[in-house]
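Have a look at the structure below before the remarks.
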Amino acid sequence: MIEANGLTKRYGKKVAVDDVTFTVRPGRVTGFLGPNGAGKSTTMRMIVGLDRPTSGQVMVNGKTYARHAAPLGEVGALLEARAVHTSRTGYHHLRAIAATHGIPRSRVTDVIEMTGLRAVAHKRVGGFSLGMGQRLGIAAALLGDPRTLILDEPVNGLDPEGVRWVRTMMRELADQGRTVFLSSHLMSEMAITADDLIIIGRGRIIAAGTLQEVIDSVTGTSVRVRSPQAGELAELLAGKDVTIESLEPGLMEVDGLSAAHIGEAAARAGVVLHELSPRNSSLEEAYLRLTAQDVEFHSGPVADAGLQQAGAA
Amino acid sequence: MSAADQTTAERSGRRTASRRGRQRVALQPPNLGRTLRSEWVKFWTLPSSIWIIAITIVVMVGLSALMAWGLSLGGESGAPQDPGAGGGADVSVQPGEGAQLPALGLVAVTFSYSVGQIVLAVLGVLVATSEYATGQIRATLTAVPTRTPVLVAKVILVALVALGLGALAVGLSWLATYPILQPEGLHLDPAVEGTWRTLAGVPLYLAAIALFSLGVGFLLRHTAGAIAAVLGVLLVLPILTMIPIDWVQDLALYLPASAGERLVLGAPDDTLSEWQGYAVLCAYAVAALAAAAVLLRRRDA
């Protein structure tokens, strides 16, 4: 269980995390989704006490992280940047972490087995591939058999087999009743892995809830209506929670009403319809739309890059 | 382990067992002892640690042997002034003051501290900054989020390494120089007053320098900057002693290296005794470490 309450982090004038409140529940995989620079990593660093919140607080299993007697038994964290001295072997890295909590060698060997690192465990970490480094980070996170796992971009650099392995493992850990909190900037990854979703953009929570709730709340089906009497129909449909956008004469897009509702309303009023097509935006589109205003670095079309540079600043 | 630790460990152990039912991992809360064990593992599993220590001892003992050889030649020609001996020998070869100042054999055994201090300064800095350079510090502070035990454990580790290295280097230097100096009658005589203090002075001085450097490393968190700062203080600031202005001279007396070196070189005047000088150096180390402790807890990692 992770509970953030009014969590805020400022670096000088820049607000990295802005008054964020959320709960991550045990027994579920919770995705933390947002574009790069949205504040995901900063939030995760605050959870394990690496960064001190400017205001607000975040508790893990009822206490702030540092107040737990044996923190590695509460939270296992894989943070985005590698946290390993490159000249040490993976085995010794894990042994050093294990020593702080009196974790026996047998457990070190266990997590090496679990993460498939046996072949490279006695090689220097500096020579690890990105995927191996990621596995070592996950091994370190699992050392204390923690009730809560926090993983920042865990599938970064993993090959497809590794990605599937992480997904399966997250699911198993959640099924054992643990809290699993993982970040990603890829909606598609989250759609496969997560039960719950928290979307963050520019340090603020944009949406939170179960995966389905978030999808429903953001994908809101719109209906495209073509009719020679578009103006008349628009008046008919107008109401609270309904937005009607006129795309061109005789064509409009209606948000907030189902196609069936529009069709029936048109039939009752004797309005001729030439087209009535519901449009489901994909999750990916919805996510892009949600965070469109919130990404820090917009990319222009490649061909226009030169012009963009001149004009964007 | 204290009784309180024991119960917390048991409680967290039970909790671990009850919520899982599978194989359980027994956890003990991180205390100073376990943090020190972790730091110990970290230090000795870096190949560079072993290399640095081995090379330093070889160089220190080698310099002592070379010095002894030079002195033995000088003894034959009746001119014990050794041009290669540096500041240490200059101070010590004053006739008449021999009672307070180290004798030649002792100088040969101990003078290589000046090389050792550079290595230990770098080592002390690296124990702190290499963690920041590699990101290891995040793993370290996540495991021990109260942070202070990490600093204290590193202080103990660095002190032990420096004392051990210094003692070993002095011991081996003694052994190496004895057969060279003994025929000339220049060999070190433990019965002479101050000899043991000078011998112990090398590891003690090196430990204080290493701890001061550790503190600076934690304060600056960047290897190059911290090494430059420490070597600046140790090697560049003493140049001040050459400026013939009274207040500069007074100030220079209290520089960490000049003050601390008195323990090894002897006190050439009555401003600061050997141990007072060493206390001044220790005060610098304590100040640096205290500031480091405050900032370590306060800063983002």
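Summary table below
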{"item": "Rounded to the nearest 20 debye, dipole of segment B:172-301 from Cβ charges on Lys, Arg, Asp, Glu", "result": "840"}
{"item": "Amide H contacts under 5 Å for A:Lys123, placed H, 5+ residues apart", "result": "A:Gly90, A:Tyr91"}
{"item": "Stokes-Einstein D (µm²/s) once Rh is taken as the Kirkwood radius of segment A:8-86 over alpha-carbon pairs, at 37 °C in 0.692 mPa s", "result": "238"}
{"item": "Net charge, B:Glu274 excluded, C-beta distance under 10 Å - Lys, Arg +1, Asp, Glu -1", "result": "+1"}
{"item": "Cut-off under 5 Å, modelled amide H: who pairs with A:Ala16 long-range", "result": "A:Lys9, A:Arg10, A:Tyr11"}
{"item": "Given charges at Cβ of Lys, Arg, Asp, Glu: the protein assembly as shown dipole, positive-most of B:Ala139, B:Ala54, A:Gly31", "result": "A:Gly31"}
{"item": "In order through segment A:113-118: 3J(HN,Hα) via Karplus (6.51 cos²θ - 1.76 cosθ + 1.60), integer Hz, x for Gly, Pro", "result": "5, 4, 9, x, 9, 3"}
{"item": "FRET E, pair A:Glu172, A:Ser246, Förster distance 35 Å, beta-carbon r, rounded to 0.05", "result": "0.10"}
{"item": "Between segment B:101-168 and segment B:205-271, the alpha-carbon center distance in angstrom", "result": "16"}
{"item": "Förster-model FRET efficiency, 45 Å R0, B:Asp270 and B:Asp300, C-beta, rounded to 0.05", "result": "0.40"}
{"item": "Distance from segment A:18-78 to segment A:232-267 (C-alpha centre basis), Å", "result": "44"}
{"item": "Amide hydrogen neighbours beyond the local backbone of A:Ile200, cut-off 5 Å, H modeled", "result": "A:Leu33, A:Gly34, A:Ile206"}
{"item": "Per-residue mean of C-beta atoms belonging to partner chains within 10 Å, peptide A:66-76", "result": "6"}
{"item": "Cα-based shape type of segment A:67-192, given that a ≥ b ≥ c are square roots of the gyration tensor eigenvalues and the cut on a/c is 1.5", "result": "oblate"}
{"item": "Order by protection proxy (mean Cβ within 10 Å, highest first), peptides B:255-267, B:233-245", "result": "B:255-267, B:233-245"}
{"item": "Residue-averaged 222 nm ellipticity for the protein assembly as shown, from DSSP H runs of 4+ at -39500 (n - 2.57), nearest 500", "result": "-17000 deg cm²/dmol"}
{"item": "At R0 = 56 Å, FRET efficiency that the Cβ-Cβ distance of A:Gln57 and A:Val272 yields, to 0.05", "result": "0.40"}
{"item": "HN-Hα J in Hz across segment B:155-170 - Karplus 6.51, -1.76, 1.60, θ = phi - 60°, x for Gly and Pro", "result": "4, 5, 4, 5, 4, 4, 4, 5, 5, x, 5, x, 5, 5, 5, 5"}
{"item": "All lysines inside 22 Å of A:Lys63 as judged from Cα atoms, apart from same-chain residues fewer than 8 positions distant", "result": "A:Lys9, A:Lys40"}
{"item": "Kirkwood estimate for segment A:16-59, i.e. one over the average of 1/r between Cα atoms, Å", "result": "11.4"}
{"item": "Average beta-carbon neighbours from other chains, 10 Å sphere, peptide A:46-54", "result": "3"}
{"item": "Karplus-derived 3J(HN,Hα), 6.51/-1.76/1.60, for each residue of segment B:50-56, Hz, glycine and proline x", "result": "5, 4, 4, 5, 4, 5, 4"}
{"item": "Only Lys, Arg (+1) and Asp, Glu (-1) charged, at Cβ; segment B:104-239 dipole about Cα centre in debye", "result": "620"}
{"item": "Nearby lysines by direct alpha-carbon distance to B:Lys154 (threshold 20 angstrom, same-chain neighbours under 8 apart not counted)", "result": "B:Lys42"}
{"item": "Residue among B:Gly185, B:Ala228, B:Leu204 farthest towards the positive dipole end of segment B:122-259, charges placed on Cβ", "result": "B:Ala228"}
{"item": "Virtual spin-label span in nm between A:Asp255 and B:Leu160, 7 Å along Cα→Cβ", "result": "6.5"}
{"item": "Compactness of chain A, expressed as Rg and Dmax over alpha-carbon positions, Å", "result": "24.3, 79"}
{"item": "Shape category assigned to segment B:192-294 from the gyration tensor of Cα positions, a/c cut at 1.5", "result": "oblate"}
{"item": "Two-decimal log10 I(q)/I(0) for the protein assembly as shown, as the Debye equation yields it once each C-alpha is a single scatterer, q = 0.05, 0.09, 0.11 Å⁻¹", "result": "-0.36, -0.84, -1.05"}
{"item": "Packing-based exposure ordering (other Cβ within 10 Å, fewest first) of A:Ser87, A:Ser106, A:Ser183, A:Ser217", "result": "A:Ser106, A:Ser217, A:Ser87, A:Ser183"}
{"item": "Packing rank of A:261-270, A:186-195, where each peptide gets the mean count of other beta carbons within 10 Å, highest leading", "result": "A:186-195, A:261-270"}
{"item": "Rounded, prolate or oblate (a/c below 1.5 giving rounded, otherwise prolate when a/b exceeds b/c) for segment A:129-275 by Cα gyration tensor", "result": "prolate"}
{"item": "Principal axis dimensions, segment B:101-179 - Cα atoms, whole angstrom, descending", "result": "53, 22, 20"}
{"item": "Fewest-first sequence of A:Thr168, A:Thr30, B:Thr45 by Cβ atoms within 10 Å of each Cβ", "result": "A:Thr168, B:Thr45, A:Thr30"}
{"item": "Peptide B:143-155, shielding by other chains (average Cβ, 10 Å cutoff)", "result": "3"}
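A short reminder: the numbers here are calculations on the coordinates, not readings from a lab. All values derive from a computational prediction rather than experimental measurement. When we count neighbours, we look across all protein chains shown, and the Cβ atoms used for this are built from the backbone with ideal geometry, even at glycine.
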